[in-house]
Amino acid sequence: MRLARVILLIMTTAMAAHATVTKTVFGTLPDGTAVDLYTLKSDAVEARIMTYGARIVSIQSADRDGTMGNVTLGYSAFDGYVADPSTYFGAVVGRYGNRIANGEFKIDGHDYHVPINNNGQSLHGGLIGFDKLVWQAHPIAGGVEMTLVSKDGDQGYPGTLTAHVRYSLHHNALRIDYSYSTDKTTVVNLTNHTYFNLAGSGTVLGHEVTLSSDQYTPTNKVLIPTGELPTVEGTPFDFRKATTIGARIGADNEQLKIAGGYDHNWVLRGHNGEVKTAARVYEPVSGRGLTVTTTEPGVQFYSGNFLDGAKFGKAGESHAKNTGFCLETQHYPDSPNHPAFPTTLLKPGETKHSMTTFTFSTHAK
(Lines give C-alpha, C1' and ligand atoms only; values in the text may rest on other atoms or scores of the structure.)
Protein backbone atom coordinates (compact mmCIF):
# COMPACT_ATOMS: atom_id res chain seq x y z
CA MET A 1 0.00 0.00 0.00
CA ARG A 2 2.83 2.38 0.89
CA LEU A 3 4.55 1.65 -2.43
CA ALA A 4 1.28 2.34 -4.26
CA ARG A 5 1.02 5.73 -2.55
CA VAL A 6 4.59 6.58 -3.57
CA ILE A 7 3.89 5.60 -7.18
CA LEU A 8 0.69 7.68 -7.16
CA LEU A 9 2.62 10.67 -5.79
CA ILE A 10 5.27 10.32 -8.50
CA MET A 11 2.60 10.04 -11.20
CA THR A 12 0.74 13.07 -9.84
CA THR A 13 3.94 15.11 -9.73
CA ALA A 14 4.80 14.08 -13.29
CA MET A 15 1.34 15.06 -14.50
CA ALA A 16 1.75 18.48 -12.87
CA ALA A 17 5.26 18.91 -14.25
CA HIS A 18 4.21 20.21 -17.66
CA ALA A 19 1.83 23.09 -18.16
CA THR A 20 -1.03 22.73 -20.62
CA VAL A 21 -0.57 24.63 -23.88
CA THR A 22 -3.42 26.03 -25.98
CA LYS A 23 -3.35 28.20 -29.10
CA THR A 24 -5.74 30.87 -30.36
CA VAL A 25 -5.59 33.78 -32.80
CA PHE A 26 -4.91 37.06 -30.96
CA GLY A 27 -5.08 39.49 -33.87
CA THR A 28 -4.11 40.37 -37.42
CA LEU A 29 -1.52 42.82 -38.71
CA PRO A 30 -2.54 45.39 -41.34
CA ASP A 31 -0.93 43.21 -44.04
CA GLY A 32 -3.18 40.30 -43.05
CA THR A 33 -0.61 38.29 -41.09
CA ALA A 34 -2.27 36.39 -38.27
CA VAL A 35 -0.78 36.66 -34.79
CA ASP A 36 -1.20 33.62 -32.57
CA LEU A 37 -1.52 33.55 -28.80
CA TYR A 38 -0.23 30.60 -26.75
CA THR A 39 -1.57 30.10 -23.24
CA LEU A 40 0.60 28.10 -20.84
CA LYS A 41 -1.19 27.03 -17.69
CA SER A 42 0.26 25.17 -14.70
CA ASP A 43 -1.18 24.48 -11.27
CA ALA A 44 0.16 27.87 -10.07
CA VAL A 45 0.68 30.28 -12.99
CA GLU A 46 -0.85 31.16 -16.33
CA ALA A 47 1.30 32.86 -18.99
CA ARG A 48 0.07 34.11 -22.36
CA ILE A 49 2.64 34.62 -25.13
CA MET A 50 2.03 35.85 -28.68
CA THR A 51 4.00 35.50 -31.87
CA TYR A 52 4.20 39.28 -32.52
CA GLY A 53 7.53 40.12 -30.95
CA ALA A 54 7.53 36.76 -29.10
CA ARG A 55 5.86 38.79 -26.36
CA ILE A 56 4.64 37.90 -22.91
CA VAL A 57 1.11 39.31 -22.97
CA SER A 58 0.21 38.50 -19.37
CA ILE A 59 1.22 36.42 -16.38
CA GLN A 60 -1.37 35.46 -13.79
CA SER A 61 -0.16 34.51 -10.33
CA ALA A 62 -1.77 34.27 -6.88
CA ASP A 63 -1.51 36.79 -4.05
CA ARG A 64 -1.22 35.68 -0.42
CA ASP A 65 -5.00 35.16 -0.27
CA GLY A 66 -4.94 32.88 -3.31
CA THR A 67 -6.53 35.44 -5.65
CA MET A 68 -5.12 35.29 -9.16
CA GLY A 69 -4.13 38.53 -10.90
CA ASN A 70 -2.11 39.78 -13.83
CA VAL A 71 1.34 40.96 -12.74
CA THR A 72 2.54 42.41 -16.07
CA LEU A 73 1.75 45.51 -18.13
CA GLY A 74 0.29 45.32 -21.61
CA TYR A 75 -2.93 45.66 -23.56
CA SER A 76 -6.15 43.68 -23.53
CA ALA A 77 -6.39 43.71 -27.34
CA PHE A 78 -3.83 43.26 -30.08
CA ASP A 79 -4.31 46.71 -31.62
CA GLY A 80 -2.77 48.32 -28.54
CA TYR A 81 0.56 46.61 -29.21
CA VAL A 82 0.58 47.61 -32.88
CA ALA A 83 -0.22 51.23 -32.05
CA ASP A 84 2.40 51.52 -29.29
CA PRO A 85 5.81 52.19 -30.87
CA SER A 86 8.12 52.47 -27.91
CA THR A 87 7.30 50.65 -24.66
CA TYR A 88 8.23 47.13 -25.88
CA PHE A 89 5.75 45.55 -23.45
CA GLY A 90 6.68 41.88 -22.97
CA ALA A 91 8.76 41.68 -26.14
CA VAL A 92 11.95 39.84 -27.03
CA VAL A 93 14.10 42.75 -28.18
CA GLY A 94 16.97 42.41 -30.64
CA ARG A 95 19.07 41.90 -32.64
CA TYR A 96 20.81 44.00 -30.01
CA GLY A 97 18.75 44.72 -26.90
CA ASN A 98 19.54 47.98 -25.12
CA ARG A 99 21.68 50.74 -26.66
CA ILE A 100 24.53 51.04 -29.14
CA ALA A 101 26.27 54.43 -29.16
CA ASN A 102 25.55 56.47 -32.30
CA GLY A 103 24.32 53.27 -33.95
CA GLU A 104 27.92 52.39 -34.83
CA PHE A 105 30.33 49.54 -34.13
CA LYS A 106 33.22 47.68 -35.77
CA ILE A 107 33.72 43.98 -36.47
CA ASP A 108 37.10 42.88 -37.80
CA GLY A 109 37.90 46.44 -38.83
CA HIS A 110 34.67 46.89 -40.78
CA ASP A 111 32.31 49.72 -39.80
CA TYR A 112 28.64 48.96 -39.32
CA HIS A 113 25.82 51.47 -38.99
CA VAL A 114 22.43 50.56 -37.54
CA PRO A 115 19.32 52.77 -37.27
CA ILE A 116 19.21 55.65 -34.82
CA ASN A 117 15.95 55.65 -32.87
CA ASN A 118 16.66 56.98 -29.37
CA ASN A 119 18.35 60.34 -28.70
CA GLY A 120 20.90 59.73 -31.44
CA GLN A 121 21.53 56.14 -30.33
CA SER A 122 20.29 52.77 -31.52
CA LEU A 123 17.88 51.09 -29.08
CA HIS A 124 16.59 47.50 -29.06
CA GLY A 125 17.63 46.62 -32.59
CA GLY A 126 16.57 49.71 -34.52
CA LEU A 127 13.44 50.95 -36.23
CA ILE A 128 12.06 47.49 -36.98
CA GLY A 129 13.51 45.30 -34.26
CA PHE A 130 12.53 41.79 -33.29
CA ASP A 131 9.68 43.21 -31.20
CA LYS A 132 7.85 44.29 -34.37
CA LEU A 133 8.18 41.00 -36.26
CA VAL A 134 5.99 37.90 -36.23
CA TRP A 135 7.90 34.85 -35.04
CA GLN A 136 7.18 31.30 -36.17
CA ALA A 137 5.96 29.14 -33.30
CA HIS A 138 5.20 25.58 -32.33
CA PRO A 139 4.16 24.02 -29.01
CA ILE A 140 6.63 22.03 -26.94
CA ALA A 141 6.19 20.12 -23.69
CA GLY A 142 4.87 22.68 -21.23
CA GLY A 143 5.55 25.62 -23.48
CA VAL A 144 6.14 27.14 -26.89
CA GLU A 145 9.20 27.69 -29.06
CA MET A 146 9.48 30.83 -31.15
CA THR A 147 11.84 31.10 -34.14
CA LEU A 148 12.94 34.10 -36.15
CA VAL A 149 15.36 34.34 -39.09
CA SER A 150 16.90 37.81 -39.46
CA LYS A 151 18.54 38.18 -42.86
CA ASP A 152 22.03 39.52 -43.50
CA GLY A 153 21.78 43.32 -43.48
CA ASP A 154 18.53 43.43 -41.50
CA GLN A 155 18.57 46.86 -39.75
CA GLY A 156 22.23 47.11 -40.81
CA TYR A 157 23.45 44.07 -38.85
CA PRO A 158 25.75 41.59 -40.60
CA GLY A 159 24.96 37.92 -41.01
CA THR A 160 21.78 35.90 -41.26
CA LEU A 161 20.84 35.23 -37.64
CA THR A 162 18.60 32.36 -36.61
CA ALA A 163 17.13 32.86 -33.15
CA HIS A 164 15.09 30.43 -31.06
CA VAL A 165 13.29 31.48 -27.88
CA ARG A 166 11.63 28.80 -25.75
CA TYR A 167 9.09 29.64 -23.07
CA SER A 168 8.30 26.79 -20.70
CA LEU A 169 6.21 26.80 -17.53
CA HIS A 170 6.74 24.44 -14.62
CA HIS A 171 4.61 25.01 -11.52
CA ASN A 172 5.46 28.62 -10.49
CA ALA A 173 8.47 29.19 -12.77
CA LEU A 174 8.41 30.62 -16.30
CA ARG A 175 11.69 29.82 -18.02
CA ILE A 176 13.04 31.49 -21.16
CA ASP A 177 15.77 29.73 -23.15
CA TYR A 178 17.50 31.63 -25.93
CA SER A 179 19.72 30.11 -28.62
CA TYR A 180 21.09 31.73 -31.75
CA SER A 181 23.51 31.14 -34.62
CA THR A 182 24.79 33.11 -37.62
CA ASP A 183 26.49 32.61 -40.99
CA LYS A 184 28.64 35.75 -40.58
CA THR A 185 30.23 37.35 -37.53
CA THR A 186 27.71 39.65 -35.86
CA VAL A 187 26.68 41.03 -32.47
CA VAL A 188 23.70 39.73 -30.51
CA ASN A 189 22.06 40.70 -27.23
CA LEU A 190 18.59 39.23 -26.76
CA THR A 191 16.46 39.94 -23.71
CA ASN A 192 12.84 40.03 -22.62
CA HIS A 193 11.25 43.40 -21.91
CA THR A 194 8.36 42.49 -19.62
CA TYR A 195 7.16 45.15 -17.20
CA PHE A 196 6.09 43.75 -13.83
CA ASN A 197 3.74 45.10 -11.21
CA LEU A 198 3.24 42.49 -8.50
CA ALA A 199 0.43 44.53 -6.91
CA GLY A 200 -1.50 44.43 -10.18
CA SER A 201 -2.15 48.18 -10.16
CA GLY A 202 -0.78 51.49 -8.93
CA THR A 203 2.90 52.39 -8.93
CA VAL A 204 5.74 50.00 -8.19
CA LEU A 205 7.56 52.41 -5.88
CA GLY A 206 6.64 50.32 -2.83
CA HIS A 207 8.07 47.10 -4.26
CA GLU A 208 11.14 45.87 -2.36
CA VAL A 209 14.03 44.98 -4.67
CA THR A 210 17.24 43.06 -4.03
CA LEU A 211 19.91 42.95 -6.75
CA SER A 212 22.82 40.51 -6.58
CA SER A 213 25.36 43.06 -7.68
CA ASP A 214 28.26 45.07 -6.28
CA GLN A 215 28.84 47.20 -9.39
CA TYR A 216 26.87 48.95 -12.10
CA THR A 217 27.54 50.69 -15.41
CA PRO A 218 26.99 54.45 -15.13
CA THR A 219 26.01 56.28 -18.29
CA ASN A 220 26.49 59.57 -20.09
CA LYS A 221 23.58 61.92 -20.75
CA VAL A 222 22.17 59.74 -23.55
CA LEU A 223 22.28 56.55 -21.43
CA ILE A 224 25.39 55.07 -23.04
CA PRO A 225 27.79 53.40 -20.53
CA THR A 226 30.94 55.35 -19.76
CA GLY A 227 32.91 52.11 -19.48
CA GLU A 228 33.45 52.46 -15.75
CA LEU A 229 32.31 49.79 -13.29
CA PRO A 230 32.07 51.60 -9.95
CA THR A 231 30.88 50.07 -6.70
CA VAL A 232 27.26 50.58 -5.65
CA GLU A 233 28.48 51.19 -2.09
CA GLY A 234 27.15 54.46 -0.71
CA THR A 235 24.99 55.21 -3.77
CA PRO A 236 21.25 54.97 -4.59
CA PHE A 237 22.24 51.98 -6.75
CA ASP A 238 22.97 49.76 -3.76
CA PHE A 239 20.20 47.15 -3.70
CA ARG A 240 22.28 44.45 -2.03
CA LYS A 241 19.73 44.58 0.78
CA ALA A 242 16.00 44.76 0.07
CA THR A 243 15.08 48.38 -0.63
CA THR A 244 11.89 49.87 -2.05
CA ILE A 245 12.14 51.24 -5.56
CA GLY A 246 10.89 54.60 -4.35
CA ALA A 247 13.20 54.93 -1.35
CA ARG A 248 15.99 56.78 -3.22
CA ILE A 249 14.62 57.28 -6.72
CA GLY A 250 14.35 61.03 -6.13
CA ALA A 251 17.81 61.40 -4.61
CA ASP A 252 20.12 64.23 -5.67
CA ASN A 253 22.16 61.98 -7.92
CA GLU A 254 23.32 62.81 -11.44
CA GLN A 255 22.74 59.29 -12.75
CA LEU A 256 19.15 59.24 -11.49
CA LYS A 257 18.54 62.68 -12.99
CA ILE A 258 19.85 61.56 -16.39
CA ALA A 259 17.46 58.59 -16.55
CA GLY A 260 14.57 60.08 -14.60
CA GLY A 261 14.95 57.17 -12.19
CA TYR A 262 16.54 53.76 -12.61
CA ASP A 263 17.46 52.66 -16.13
CA HIS A 264 20.89 51.11 -15.63
CA ASN A 265 22.74 47.85 -16.01
CA TRP A 266 23.92 46.07 -12.87
CA VAL A 267 26.94 43.73 -13.06
CA LEU A 268 25.88 40.38 -11.66
CA ARG A 269 28.08 38.30 -9.39
CA GLY A 270 29.40 35.05 -10.81
CA HIS A 271 30.70 33.99 -14.17
CA ASN A 272 29.00 34.64 -17.48
CA GLY A 273 27.17 31.45 -18.45
CA GLU A 274 26.59 30.09 -14.96
CA VAL A 275 23.14 30.19 -13.39
CA LYS A 276 22.92 32.94 -10.78
CA THR A 277 20.25 34.89 -8.94
CA ALA A 278 19.90 38.32 -10.52
CA ALA A 279 17.09 39.82 -8.45
CA ARG A 280 14.41 39.26 -5.86
CA VAL A 281 11.31 41.42 -5.59
CA TYR A 282 8.62 41.50 -2.90
CA GLU A 283 5.36 43.45 -2.91
CA PRO A 284 4.12 43.73 0.69
CA VAL A 285 0.43 44.47 0.07
CA SER A 286 -0.28 41.46 -2.16
CA GLY A 287 2.42 39.26 -0.66
CA ARG A 288 3.65 38.35 -4.13
CA GLY A 289 7.32 37.69 -4.77
CA LEU A 290 9.46 37.33 -7.90
CA THR A 291 12.91 35.75 -8.18
CA VAL A 292 14.93 36.16 -11.38
CA THR A 293 17.75 33.76 -12.20
CA THR A 294 19.89 33.91 -15.32
CA THR A 295 23.09 32.88 -17.08
CA GLU A 296 23.60 36.44 -18.37
CA PRO A 297 26.30 38.74 -16.92
CA GLY A 298 24.04 41.72 -16.29
CA VAL A 299 20.52 42.91 -15.58
CA GLN A 300 18.96 46.20 -16.66
CA PHE A 301 16.73 47.44 -13.87
CA TYR A 302 14.26 49.95 -15.29
CA SER A 303 11.67 51.69 -13.13
CA GLY A 304 9.25 52.68 -15.91
CA ASN A 305 10.43 56.29 -16.02
CA PHE A 306 9.35 56.95 -19.60
CA LEU A 307 5.81 55.60 -19.29
CA ASP A 308 3.77 58.75 -19.79
CA GLY A 309 0.11 57.75 -19.77
CA ALA A 310 -0.26 57.85 -23.56
CA LYS A 311 -3.33 55.96 -24.76
CA PHE A 312 -3.13 53.22 -27.38
CA GLY A 313 -5.60 50.99 -29.21
CA LYS A 314 -9.34 51.30 -29.57
CA ALA A 315 -9.73 50.73 -25.84
CA GLY A 316 -7.51 53.73 -25.12
CA GLU A 317 -5.48 51.87 -22.52
CA SER A 318 -2.55 53.70 -20.93
CA HIS A 319 0.22 53.21 -18.39
CA ALA A 320 1.55 55.96 -16.16
CA LYS A 321 5.09 56.61 -14.98
CA ASN A 322 6.49 54.05 -12.51
CA THR A 323 3.54 51.64 -12.88
CA GLY A 324 5.86 48.85 -13.97
CA PHE A 325 9.48 47.79 -13.64
CA CYS A 326 11.71 45.69 -15.89
CA LEU A 327 14.50 43.26 -15.03
CA GLU A 328 16.10 42.69 -18.42
CA THR A 329 18.78 40.00 -18.11
CA GLN A 330 21.40 40.81 -20.70
CA HIS A 331 24.93 41.61 -21.75
CA TYR A 332 25.94 45.16 -20.99
CA PRO A 333 24.68 48.04 -23.15
CA ASP A 334 27.00 49.18 -25.96
CA SER A 335 29.26 46.16 -25.45
CA PRO A 336 30.44 46.18 -29.11
CA ASN A 337 32.18 49.49 -28.34
CA HIS A 338 33.67 48.42 -24.98
CA PRO A 339 36.28 45.65 -25.40
CA ALA A 340 36.53 45.23 -21.61
CA PHE A 341 32.85 44.25 -21.37
CA PRO A 342 31.79 40.59 -21.88
CA THR A 343 31.69 40.07 -25.64
CA THR A 344 28.47 39.95 -27.64
CA LEU A 345 30.23 38.71 -30.78
CA LEU A 346 28.71 35.64 -32.44
CA LYS A 347 30.75 33.82 -35.07
CA PRO A 348 29.77 31.32 -37.78
CA GLY A 349 29.74 27.77 -36.49
CA GLU A 350 28.83 28.87 -32.95
CA THR A 351 25.47 28.39 -31.29
CA LYS A 352 25.17 30.46 -28.15
CA HIS A 353 22.64 29.91 -25.40
CA SER A 354 21.31 31.81 -22.42
CA MET A 355 18.57 31.22 -19.87
CA THR A 356 16.38 33.33 -17.61
CA THR A 357 13.71 32.13 -15.19
CA PHE A 358 10.97 34.16 -13.50
CA THR A 359 9.78 32.33 -10.37
CA PHE A 360 6.66 33.58 -8.58
CA SER A 361 5.89 33.10 -4.90
CA THR A 362 3.65 34.32 -2.10
CA HIS A 363 4.61 35.39 1.40
CA ALA A 364 2.63 35.67 4.61
CA LYS A 365 2.38 39.02 6.41
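Can you find, within region 120-137, the residue that is nearest to Val165 (Cα to Cα) among those that are in contact (Cβ under 8 Å) with a residue 60 or more places away in the chain and either of a type in the set (D, E, K, R) or part of a loop (DSSP other than H, G, I, E, B) (or both)?
Trp135
Just checking, how many residues over region 167-186 are among the β-branched types (Val, Ile, Thr), surrounded by 22 or more Cβ atoms within 10 Å (Cβ to Cβ) and over 15 Å from the mean Cα position of the chain (by Cα)?
2
Only residues that are closer than 20 Å to Asn192 by Cα and either in a loop (DSSP other than H, G, I, E, B) or of a type in the set (Asp, Glu) (or both): list them for region 104-119, please.
The one that is closer than 20 Å to Asn192 by Cα and either in a loop (DSSP other than H, G, I, E, B) or of a type in the set (Asp, Glu) (or both): Asn117.
Taking the condition not in a loop (DSSP other than H, G, I, E, B) and not polar (S, T, N, Q), does Val267 pass?
In short, yes.
Return the only residue of Gly313, Gly270, Gly260, Gly250 being modelled with pLDDT under 95 and either farther than 21 Å from Ala199 by Cβ or in contact with a helix residue (DSSP H, G or I) (Cβ under 9 Å, 6 or more places away or on another chain) (or both).
Gly270
Which residues, taken from region 341-365, are farther than 30 Å from Arg288 by Cα, touching a residue at least 60 places away in the same chain (Cβ under 8 Å) and polar (S, T, N, Q)?
Result: Thr344, Thr351.
Does Gly309 fit the bill of being in a loop (DSSP other than H, G, I, E, B), free of Cβ contacts under 8 Å to residues at least 24 places away in the same chain and under 21 Å from Phe89 (Cβ atoms)?
Criteria met by Gly309.
Going residue by residue through region 52-69, is there one that turns out to be out of contact with any strand residue (DSSP E or B) (no Cβ under 7 Å at 6 or more places or on another chain) and closer than 20 Å to Val187 by Cβ?
No, there is no match, as no residue in region 52-69 is out of contact with any strand residue (DSSP E or B) (no Cβ under 7 Å at 6 or more places or on another chain) and closer than 20 Å to Val187 by Cβ.
Give me the residue from region 316-365 that is in a loop (DSSP other than H, G, I, E, B) and in contact with a helix residue (DSSP H, G or I) (Cβ under 6 Å, 6 or more places away or on another chain) and, out of that set, surrounded by the fewest Cβ atoms within 10 Å (Cβ to Cβ).
Selected residue: Phe341.
I'd like the full set of residues that are in contact with a strand residue (DSSP E or B) (Cβ under 7 Å, 6 or more places away or on another chain), part of a loop (DSSP other than H, G, I, E, B) and either more than 19 Å from Glu328 (Cα to Cα) or hydroxyl-bearing (Ser, Thr, Tyr) (or both), limited to region 242-264.
Scanning region 242-264 gives a single hit, Tyr262.
The values are calculated or read from the model by the stated rules, or taken from the named source; none is laboratory data. Nothing here was measured: the structure is a model prediction, and the numbers come from that model. A quick note on method: Cβ atoms are made from the backbone with ideal geometry, for glycine too, and the neighbour counts reach across all protein chains shown.
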